[in-house]
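J.: This is the structure I want to talk about, given as structure tokens.
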Amino acid sequence: MKKIIFSIVVIAGVLTCFNVFEKSFGNTTKLKKEVAIGDKHQGGIVAYILQAGDAGYDEKEQHGLIAAPADQVEEIQWYNGTYIEMNAKASGLGAGKANTDTIVSRQGEGSYAAKICSDLVIGEYSDWYLPSKDELNKLYLNKAKIGGFVNGGTYWSSSIDVKIFYAWRQGFFSGSQASSDKKALLAVRAVRWF
């Protein structure tokens, strides 16, 4: 009986010390699970992990791009029926969210590529958006691990071309990127950052 009581006291002491250490040093004892491209994570599938040299890269904490687990739609226009001048020209990693917010604020209500992504809620995650040109390319490069893309489909990005009538898109058969008229009916896959 004494051995059992002694064991309980020792275990309680160790747990108390561990708890004090954790509170004193900011939870350094807990390691976050790293994810890989293709893993299910935070409502979707990891599509890209930031690398050294990418804006926002932090060697101490993993960040990246998550793709929705399936396409939101296979055919939809980029715009809401009106060609409007807007500043959604950014194409880099991390630019899609600001582009999407700009597009939705200028285009308003309706059924179009950016709005469908902006309105998307998967589980507890509601910060989805239409990927920028470069973010969309990351989806293309990792399409086999992400899965669920329309075979040979073409997808909208949130990045507009210099002309008011065109936005960037990417073919998922060849990977080619080009601008298309915003009234074209193309596929959409939403993304978010983690």
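J.: Go through the range 164-182 and report how many residues are under 25 Å from Arg106 (Cα atoms) and either assigned to a strand (DSSP E or B) or free of Cβ contacts under 8 Å to residues at least 12 places away in the same chain (or both).
T.: 10
J.: Taking the criterion of being open to solvent by 40 Å² or more (accessible area, probe 1.4 Å), part of a loop (DSSP other than H, G, I, E, B), at pLDDT 95 or above and under 14 Å from Ala68 (Cα atoms), would at least one residue in the range 125-138 satisfy it?
T.: yes
J.: So Gly94 fits all but one of (1) at pLDDT 95 or above; (2) outside any helix (DSSP H, G or I); what number is the exception?
T.: The one condition Gly94 does not meet is (1).
J.: Next question. Could you please give the count of residues in the range 97-122 that are within 17 Å of Val188 (Cα to Cα), open to solvent by 50 Å² or more (accessible area, probe 1.4 Å) and assigned to a loop (DSSP other than H, G, I, E, B)?
T.: Number of matching residues: 3.
J.: Another question, then. Please determine, by comparing only the residues of the range 65-90 that are outside any loop (DSSP other than H, G, I, E, B) and touching a helix residue (DSSP H, G or I) at 6+ places or on another chain (Cβ under 9 Å), which one is most open to solvent (accessible area, probe 1.4 Å).
T.: Looking only at the range 65-90, we keep the residues that are outside any loop (DSSP other than H, G, I, E, B), and these are 65-67, 73-76.
So of that shortlist, the ones also touching a helix residue (DSSP H, G or I) at 6+ places or on another chain (Cβ under 9 Å) come out as 65, 67, 73, 76.
On the way: Leu65: 0, Ala67: 0, Val73: 37, Ile76: 12 Å².
Checked the range 65-90; the qualifying residue most open to solvent (accessible area, probe 1.4 Å) is Val73.
J.: Restricting to the range 143-159, count the residues that are open to solvent by less than 30 Å² (accessible area, probe 1.4 Å) and either part of a loop (DSSP other than H, G, I, E, B) or at pLDDT below 95 (or both).
T.: Step one: filter the range 143-159 for residues open to solvent by less than 30 Å² (accessible area, probe 1.4 Å), giving 146-147, 153, 155-159.
From the residues that got through so far, the ones that are either part of a loop (DSSP other than H, G, I, E, B) or at pLDDT below 95 (or both) too are 147, 153.
Going through the range 143-159 one residue at a time, the tally reaches 2.
J.: Name the residue that is farthest from Gln51 (Cα to Cα), counting only residues in the range 183-194 that are open to solvent by less than 40 Å² (accessible area, probe 1.4 Å) and not in a loop (DSSP other than H, G, I, E, B). Can you show your working first?
T.: From the range 183-194, those open to solvent by less than 40 Å² (accessible area, probe 1.4 Å) are 184, 186-192, 194; that's our starting set.
Now restrict to residues that are not in a loop (DSSP other than H, G, I, E, B): 186-188, 191-192.
Working: Leu186: 30, Ala187: 28, Val188: 25, Val191: 18, Arg192: 17 Å.
Only one residue tops the list, namely Leu186.
J.: How do the pairs read when you match residues in the range 80-92 that are farther than 23 Å from Glu135 by Cβ with residues anywhere that are part of a loop (DSSP other than H, G, I, E, B) and open to solvent by less than 40 Å² (accessible area, probe 1.4 Å), using Cβ under 7 Å and keeping only pairs 6 or more apart or on different chains?
T.: Tyr83/Lys182
The values are calculated or read from the model by the stated rules, or taken from the named source; none is laboratory data. Predicted model only: the values in this text are computed from it and were never measured. A quick note on method: Cβ atoms are made from the backbone with ideal geometry, for glycine too, and the neighbour counts reach across all protein chains shown. These area figures cover heavy atoms from the full protein model, side chains too; ligands, DNA and RNA do not enter into them. Shrake-Rupley method; radii C 1.70, N 1.55, O 1.52, S 1.80 Å.
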